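The values are calculated or read from the model by the stated rules, or taken from the named source; none is laboratory data. Everything numeric in this text was worked out from a predicted model, so none of it was measured. Counting neighbours? That spans all protein chains shown, and the Cβs are built from the backbone with ideal geometry, glycine included.
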Amino acid sequence: MSVTATPSPATNYKIGNERLIKVTENASRKLTGLLQKQGRPQGALRVAVIGGGCSGLQYKMDLVDGPANRDIMVQSSDVRVVVDPKSALFVSGSLLDYSEDLQKGGFKVTNPNAVAHCSCGESFAA
């Protein structure tokens, strides 16, 4: 009895550019280190916008192996960022930075589409 493996369909995604989201050198260095630490040097950062937070919307970020179907992938500062089409509407023109600051450190998105921010800085309205 022989078994043939069915090839999985190719992932259908689009290539975007830094007009969607741009990554600073600080964020790129941190992301590269995190991806290597997880054993995914060819991985990507997924940036999504979800409902929640005190202003209505908040960012969700995860390290992933690569783009999923319908994603938009942006290569910026030697790292890959993937965004789903719905989230792309909210993050267009954003800048992703990283800071080592003790109180407000971590990855930060500067988003020109945000019309209001909460005082904690974790959510926004668009």
Revision key, fill the gap. Inside region 54-76, the number of residues satisfying the requirement of being of a type in the set (S, T, N, Q) and at pLDDT 95 or above is 3
Revision key, fill the gap. Expected output for region 36-48 (first residue among the polar types (S, T, N, Q), partner buried (at least 17 other Cβ atoms within 10 Å of the Cβ) and assigned to a helix (DSSP H, G or I), Cβ below 9 Å, 6+ apart or cross-chain) is 42/35
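Do the conditions hold for residue 62, that is, is it charged (D, E, K, R), under 16 Å from residue 91 (Cα atoms) and surrounded by 14 or more Cβ atoms within 10 Å (Cβ to Cβ)?
Details: charged (D, E, K, R): yes; under 16 Å from residue 91 (Cα atoms): yes; surrounded by 14 or more Cβ atoms within 10 Å (Cβ to Cβ): no.
Spelling it out, it is not the case that residue 62 is charged (D, E, K, R), under 16 Å from residue 91 (Cα atoms) and surrounded by 14 or more Cβ atoms within 10 Å (Cβ to Cβ).
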Revision key, fill the gap. Checked region 12-55 for anything over 12 Å from the mean Cα position of the chain (by Cα) and aliphatic (A, V, I, L, M); matches are 15, 34, 35, 50
Check your understanding: What are the residues in region 1-38 that are in a loop (DSSP other than H, G, I, E, B), surrounded by fewer than 14 Cβ atoms within 10 Å (Cβ to Cβ), modelled with pLDDT of 95 or more and of a type outside the set (S, T, N, Q), if any?
Key -> 19
